[in-house]
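To start, the structure under review is shown below, and the notes come after it.
The values are calculated or read from the model by the stated rules, or taken from the named source; none is laboratory data. What you see is a predicted model, and the numbers here were worked out from it, not measured in a lab. Virtual Cβ from ideal backbone geometry, glycine too; neighbours counted across all protein chains shown.
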Amino acid sequence: MKKALVFTFLVGLSSHTFAADKCQVKSVFNMVAFGSDYVKGKNLNANGSIASGNNIQLLNSEIQNSDCRALSSNGNVTVNDSRINGSIESFGKLVINKTEVKGQVRSPNKIELRDSSVGIVVSPKGSTLVNSTRERWWTSSLINSIDLNKFRNDVASESKKFAAQPKSENLKLIVYKENLTLSLKNKDNVVSLNSDQLAKIKNLEIRGDVEQTLVINVTGETIALDQNVIDISGDIEPFNIVWNFHQAKSVVISETSDQVLGVPGRILAPNANVKLENALVSGGIYAKSIDFNVAGENNSSKLREIKYLDK
């Protein structure tokens, strides 16, 4: 098993390094996406941190992260034709091609830069530059700071916990043709659906207030959200909604109609490959693996970060 990915920097260079209190990732759910096996895709616009317990591959994508850490991986990272606002960390091979990185790039191995510009290269083995620029190069030593193996276990544990919760008996469900309205009655609400029921729902309205939470447990190995309209009414916050696909092996989210929220909330699928095709998720995706826009050449998807309450 690969050890956790962590970095410390040379004493006396603190003005150019990341402050620990600013960039410390305390929870996997502070990230906008985590794939324990891999994260890969193209035409992705993401606001927040992305991490993988293994490899990350991105093409023609833009990652915006105000908390410094944009990409973190226990394996290899390959970025092509992209724009990254934040740092990139790789415990394996780090290759950056035709990409602008506004932040540090960090690896214990030699870093390859081709037709790219980056901030500070942090590596004990330096970098290979081809038509590229960097601000400077620092050596570093590796210590424990971010445990991506723990994050994998945290996703599985959270999903299992939600799956064990009984459904709310007094939760009001109004079903009309392909429409479902959930009127939340409790502070914490749980609804259970199977994958066939979910596939038939084209319009979902969630009614609740700012203090209420909703867990949607969905059984079945194959999940599809295709051209669904999901609307929030009242003051319920997206960060209080959880989609728990605890049995799923495959989850496909495509052609989300709402361009403001898309699918709001956290998506937990610890055993599944999650695919986004022309989709928007306002929250986070935490899965075995994640693919963005692999089916269509012109497909594009967005991940919007939302602030989660500390539990």
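Structural remarks
- Matching entry among VAL263, VAL281 (being over 12 Å from the mean Cα position of the chain (by Cα) and free of Cβ contacts under 8 Å to residues at least 40 places away in the same chain): VAL263
- Some residue of segment 237-252 being within 25 Å of SER61 (Cα to Cα) and β-branched (Val, Ile, Thr): yes
- VAL79 meets each of the listed conditions (1) within 22 Å of ILE290 (Cβ to Cβ); (2) touching a Lys or Arg at 6+ places or on another chain (Cβ under 6 Å); (3) crowded, with 16+ Cβ neighbours inside 10 Å; (4) free of Cβ contacts under 8 Å to residues at least 24 places away in the same chain apart from (2).
- A count restricted to segment 44-56 and to residues that are in a strand (DSSP E or B), crowded, with 20+ Cβ neighbours inside 10 Å and of a type in the set (S, T, N, Q) stands at 2.
- Among the candidates ASN228, ASN293, ASN217, the residue that is among the polar types (S, T, N, Q) and either under 28 Å from SER73 (Cα atoms) or out of contact with any helix residue (DSSP H, G or I) (no Cβ under 9 Å at 6 or more places or on another chain) (or both) is uniquely ASN293.
Each row is one residue, and each column tells you yes or no for (1) in contact with a Ser or Thr (Cβ under 9 Å, 6 or more places away or on another chain); (2) more than 13 Å from LYS302 (Cα to Cα); (3) buried (at least 18 other Cβ atoms within 10 Å of the Cβ); (4) basic (Lys, Arg).
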residue: VAL229; (1), (2), (3), (4): yes, yes, no, no
residue: VAL242; (1), (2), (3), (4): yes, yes, yes, no
residue: HIS246; (1), (2), (3), (4): yes, yes, yes, no
residue: SER250; (1), (2), (3), (4): yes, yes, no, no
residue: VAL260; (1), (2), (3), (4): yes, no, no, no
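- Filter result (assigned to a strand (DSSP E or B) and modelled with pLDDT of 85 or more) within segment 119-138: ILE120, VAL121, VAL122, THR128, LEU129, VAL130, THR133
- Count of residues meeting criterion [modelled with pLDDT of 85 or more and in a loop (DSSP other than H, G, I, E, B)] in segment 23-43: 3
- Looking across segment 193-209, the residues that are within 24 Å of the chain's Cα centre (by Cα) and either outside any strand (DSSP E or B) or touching a residue at least 60 places away in the same chain (Cβ under 8 Å) (or both) come down to SER195, LEU198, ALA199.
- Residue check: GLY103 meets all listed conditions (1) within 22 Å of ARG304 (Cβ to Cβ); (2) part of a strand (DSSP E or B) but one, namely (2).
- Only residues that are outside any loop (DSSP other than H, G, I, E, B), basic (Lys, Arg) and more than 27 Å from the chain's Cα centre (by Cα) were counted in segment 151-192, giving 1.
- Considering segment 223-310, the qualifying strands (runs of 3 or more DSSP E), each wholly inside and each with 2 or more residues that are among the basic types (Lys, Arg) and at pLDDT 90 or above, run over 263-277.
- Applying the set (1) surrounded by 15 or more Cβ atoms within 10 Å (Cβ to Cβ); (2) more than 24 Å from the chain's Cα centre (by Cα); (3) without any contact (Cβ under 8 Å) to a residue 40 or more places away in the chain to VAL118 leaves exactly one unmet item: (2).
- Contact annotation: residue pairs with Cβ atoms under 9 Å, 6 or more positions apart or on different chains, pairing a residue in segment 22-35 that is more than 15 Å from SER159 (Cα to Cα) with a partner that is at pLDDT 70 or above and in a helix (DSSP H, G or I), are VAL25/PHE151; MET31/PHE151.
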